[in-house]
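Below is one structure; the comments refer to it alone.
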Amino acid sequence: MANTSSRTLRLLSLLQTHRFWSGTELAGRLEVSERTLRRDVDRLRELGYPVRSSRGVDGGYQLEAGGSMPPLVVDEQEAIALVVALGSSSAPGELGDATLSALSKVMQVLPAKLRRRAEAIRAVTVDSPFGTAPEVDASVLAGVAAATRDHERIRFSYTARGGQAAGDTIGRHAEPHHLVTVGTRWYLVAYDLDRLDWRSFRVDRMSEPVGTRSLFRPREVPGGDPAANVRSGLNGRDESLTLTALLHAPAQEMGPRWGRYGEISAVDDHTCRVRMEVRHPGWAIFGLGMSGVPFEIEQASPQIREAMADWAQRFAVATR
């Protein structure tokens, strides 16, 4: 059985999932009696955590939302995710200042090993708007980021588009240069040493990255812009649709609404311009609708204009 302090932290970690736990299940997870569990719950309440309990056959425990924020317990992947999320935030004004303050506090309390991994991700990441993404393994992301920061060649397994393994049994061998986010999808821009050419690898398709301890002198990324390099590769596989529109609202108001999915630039104090690049016209139409303000189309791919006219007709019929 773990000591009281470590057991209490373990209990807190389980309760912070905010699911309902039966007393029997929690006691079994912690390998203690239900009487000891009750004492541990009381200890958490004394520290300010609002733990709700219920008695009877269906009794158990659940952590409720409280009026204050007691200390949080996060694991390694959650800590890295916090730093990545805070570091990639582009919130304006006071919210942006608060984001930087929160990031600073998180970084100060991270163990040295996690801090180095989180800083590596922040240091080698370039943001590019547009797109959506699947889940990325934090340990893979951290390993790739560390090799990128240290200019260390890596080997990794890679799953090609369609689900078939790419390369031979040793996988891919590359010089990692930059991590690029497109929406919430991560790409590694790297020089492929097997194919002697530049490649963009989706990080969610990478596994088992291993540093080779072989350092390299960084090459010049074609065009000098890693984000543009990734977008160019994406556009080559799927037809890119573009939209430019005037929004009758200030840029500082529209920026947070569009986030990474559109590039907002101010025209004057009351008007701004949005530019976006999509692979399906529905995303452009949805974005304009969710902006919640009057707009004028300046330029749009024919597919977007056709889809917009179709949507308008169907909505008009539906609201008669």
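Just so you know, all these numbers are worked out from the coordinates, no wet-lab data involved. These figures come from a predicted structure and were not determined experimentally. Note that each Cβ is placed from the backbone with ideal geometry, even for glycine, and that neighbours are counted across all protein chains shown.
Distance between the 7 Å Cα→Cβ label points at Arg195 and Phe216: 1.4 nm. The slack in the chain from Ala318 to Ser13, taken as 0.36 nm per residue of separation less the alpha-carbon distance, amounts to 105.0 nm. Can you tell me the FRET efficiency between Arg38 and Arg116 if r is taken as the Cβ-Cβ distance and R0 is 51 Å, rounded to the nearest 0.05? The computed FRET efficiency comes out at 0.80.
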